[in-house]
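S.K.: The structure under discussion is supplied below as structure tokens; questions concerning it will follow.
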Amino acid sequence: MTQQDTKHPVERADKRVAAALAGAVVLAAAGYGTYWMTAAQYREVTEDAYVEGNLVQVTTQIAGTVTAIAADNTDRVAAGQELVRLNEVDARLALERSEAVLARTVRQVRAQVASASQMDANVALRRAELSKVQADFDRRSQLVQSGAISGEDLEHAREAVRTARAALASSEQQYAANHAFVDGTSVASHPDVMGAVAQVKDAYIATVRTSVPAPISGMVARRNVQVGQRVAAGTALMAIVPMDTVWITANFKESQLRHLRSGQPVLLTADAYGKDVVYHGTVVGEEAGTGSAFSLMPAQNATGNWIKVVQRVPVRIALDPHEVARHPLQLGLSMRASVDTHRRDWPRLTPGKAPLQSYRTEVFAREGNEADELVARIIAANVPGSGAAPALVRR
């Protein structure tokens, strides 16, 4: 066999390999083109995404000395559960003083009501006396012409009428003065009583606030209070993270924002769980500016050595709470977000009529209710019968 004959099989094999490679490249290009046309062009992906959530500060509403701490970092607490206890001796003493003031004020108002009732009777008495002396004067006026009585007796009768009229006027003034304190009010609605009631409520609520509750349910973090520490009102004692209301902040490049819309579905994976655990989220909206615009020291680009840097905009992504419950996430964990941008007819920024995201707690809603019950008991204990006198209206 000649040398030329031995080259033909090799050349044919090389041609087959080249043809196979070319075919593979064509197929790969076609596959990628198909993938791009059907999926890739509708995906915006970033790994600059992190778990975020509410970091609820637990603060004191009054000053005091810490006597007990009921929870520490990593503990799970329920809304309303006591976390910190302050020394309540001063608050209880103030409450007792305010209760005594309220009781005394209620009795003083009752005395004013009784005095006003006494003035009613006194006015009626003075009117009867005036009527009597006036009738006596009228009779004497008729008899003086016949000489049955002297002019001096008539003058005495006239003087008695003037005296009775002055006494009535004085009684009516006293009546008005006494009724000015009680007209249109009851014991419970009297201004003096209401002022004392406010003091009792203030003192009672201060006593209640010696127990610092958890405003929400979640995990305790950042405890920075110690037993025996003197704290001022508003001091941050610890924080609570509600683990069931976390979200993702994905920082997309400005070149990726063109087709991002609120409401688009998102697939997310966490480095903590790997690609086996996939979270399903929804784009909530985009922040009002880039990360650098809201940084502590915003970039000053009006300089001669300006260099363009691609900016990123934080995009908020809501998670499925059921998936978060099955695979909990902690604040700050890294995530990979892939947004499906097929639906592009929604507005890019959150519309003005979109529902607002809101948070609230009911833990402090009943602070004043028990104070109202205490006030009602004190008033009832110092007012015989129903606990409040009927309103007195000027006649």
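Bear in mind that the values in this text are calculations on the coordinates, not laboratory data. Note that the structure is predicted; figures quoted are calculated from it, not measured. Quick reminder, even Gly has a Cβ in these numbers, built from the backbone with ideal geometry, and neighbours come from all protein chains shown.
S.K.: Out of residues 5 or more away from L86 or on other chains, whose amide H comes under 5 Å of its own, with H placed 1.01 Å from N in the peptide plane?
M.R.: So L86 has HN proximity to T67, S211, V212.
S.K.: Give the order of M243, M297, M194 when sorted by the count of other beta carbons within 10 angstrom, beginning with the fewest.
M.R.: M297, M194, M243
S.K.: Order by neighbour count: Y50, Y204, fewest other Cβ atoms within 10 Å first, most last.
M.R.: Ascending Cβ contact count within 10 Å gives the list Y50, Y204.
S.K.: Neighbouring Cβ atoms within 10 Å as the yardstick, rank K201, K132 fewest first.
M.R.: K132, K201
S.K.: Taking θ as phi - 60°, what are the ³J(HN,Hα) couplings along the range 291-307 by the Karplus curve (6.51, -1.76, 1.60), each to the nearest whole Hz, with x for Gly and Pro?
M.R.: x, 5, 5, 9, 6, 4, 10, x, 5, 9, 8, 7, 10, x, 9, 5, 10
S.K.: Output ³J(HN,Hα) for the range 252-266: one whole-Hz value per residue in order, computed from phi by the Karplus curve 6.51 cos²θ - 1.76 cosθ + 1.60 with θ = phi - 60°, and x for Gly and Pro.
M.R.: Per residue, the Karplus-derived 3J(HN,Hα) values read 9, 5, 4, 6, 9, 7, 4, 10, 6, 9, 5, x, 6, x, 9 Hz.
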